[in-house]
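Presented below is the structure to which this report refers.
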Amino acid sequence: MVVKVYGFPLSGATRNVIAALYEKGVEFELVMVDLKAGVQKQPEHLKLQPFGKVPVYQDGEITLFESRAINRFIATKYEGQGTPLYGKTPTEKALVEQWMEVEGQNYHPVITALNYQLLVKKIFTGEGPDEAAVAADVPKLNAVLDIYEARLTETWWRDISSRPSWQKTITYGSS
Ligand SMILES: N[C@@H](CCC(=O)N[C@@H](CS)C(=O)NCC(=O)O)C(=O)O
């Protein structure tokens, strides 16, 4: 049974799952959920994702929502193939968990707000950004990125953004 990702190519949460699948070399089918048309709020989709969001992941007997839970599942189920994503020892796993929490609690809220104002809003509503909201969020993002810079390797951004899995992910669905 083919792995299915119900998602939208421009969705960051969908992209995170697709990148994990590429890292693991797992073939998948993207089932398009047109966020612009509001398909994520329709009854059929709400049966899969009760909060009306993407992605949803189907793999054999399991149907999962929440991108980080999905990625933990992918990392564990496909542990023996592709890139090791989750660490082997309790210490390695704890560090992966720590930085996933940082991403979810500190980075994600502010980057999502900025992404909406600077990219998604125009596509979905035709309106330009709320400049005051952007001005308030940029320093918050910088504060998080300063911590990333201080705690990760100097080349962390180049290292992760140049990975073949990410390069494939960001062009997925755009051709
Ligand atoms: N915590 C969820 C967040 C998912 C989420 O916010 N998805 C966005 C796209 S990145 C979405 O579906 N937005 C449509 C909406 O809220 O109507 C996850 O990580 O899966």
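The values are calculated or read from the model by the stated rules, or taken from the named source; none is laboratory data. All of these numbers come straight from a predicted model, not from anything done at the bench. Quick reminder, even Gly has a Cβ in these numbers, built from the backbone with ideal geometry, and neighbours come from all protein chains shown.
Values for this structure:
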item	result
Qualifying residue in region 55-69 (condition: touching a Gly at 6+ places or on another chain (Cβ under 9 Å) and away from the ligand (no atom under 16 Å from the Cβ))	no
Qualifying residue in region 48-63 (condition: closer than 24 Å to Arg163 by Cβ, outside any helix (DSSP H, G or I) and in contact with a Lys or Arg (Cβ under 8 Å, 6 or more places away or on another chain))	yes
Qualifying position, being surrounded by 14 or more Cβ atoms within 10 Å (Cβ to Cβ) and at pLDDT 95 or above, among Tyr172, Tyr78, Tyr86	Tyr78
Evaluation of His45 against (1) more than 16 Å from the chain's Cα centre (by Cα); (2) away from the ligand (no atom under 14 Å from the Cβ) (one fails), failing number	(2)
Matching residues, region 1-28, being assigned to a helix (DSSP H, G or I) and farther than 23 Å from Ile123 by Cα	Ala19, Ala20, Leu21, Tyr22, Glu23, Lys24
Condition check for Asn115: within 15 Å of the ligand (Cβ to nearest atom), under 26 Å from Val144 (Cβ atoms), assigned by TED's automatic domain parsing to the domain that holds Glu27 and not small (Gly, Ala, Ser)	no
Any hit, region 4-16, residues being more than 12 Å from the ligand (Cβ to nearest atom) and either in the same structural domain as Ala143 (by TED's automatic domain parsing) or touching an Asp or Glu at 6+ places or on another chain (Cβ under 7 Å) (or both)	yes
Cβ pairs under 6 Å, 6+ apart, first in region 155-175 and assigned to a helix (DSSP H, G or I), second of a type in the set (Val, Ile, Thr) and modelled with pLDDT of 90 or more	Thr169/Ile18
Hits in region 69-104 - residues which are in a helix (DSSP H, G or I) and either touching a residue at least 40 places away in the same chain (Cβ under 8 Å) or farther than 22 Å from Tyr57 by Cβ (or both)	Ile70, Asn71, Ile74, Ala75, Pro90, Thr91, Glu92, Ala94, Leu95, Gln98, Val102
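For every residue, the table says whether it meets (1) assigned by TED's automatic domain parsing to the domain that holds Asp59; (2) within 20 Å of Tyr22 (Cα to Cα); (3) away from the ligand (no atom under 16 Å from the Cβ); (4) touching a Pro at 6+ places or on another chain (Cβ under 8 Å).
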{"residue": "Gln98", "(1), (2), (3), (4)": "no, no, yes, no"}
{"residue": "Asn106", "(1), (2), (3), (4)": "no, no, no, no"}
{"residue": "Ile111", "(1), (2), (3), (4)": "no, no, no, no"}
{"residue": "Ala136", "(1), (2), (3), (4)": "no, no, yes, no"}
{"residue": "Ala143", "(1), (2), (3), (4)": "no, no, yes, no"}
{"residue": "Arg158", "(1), (2), (3), (4)": "no, yes, yes, no"}
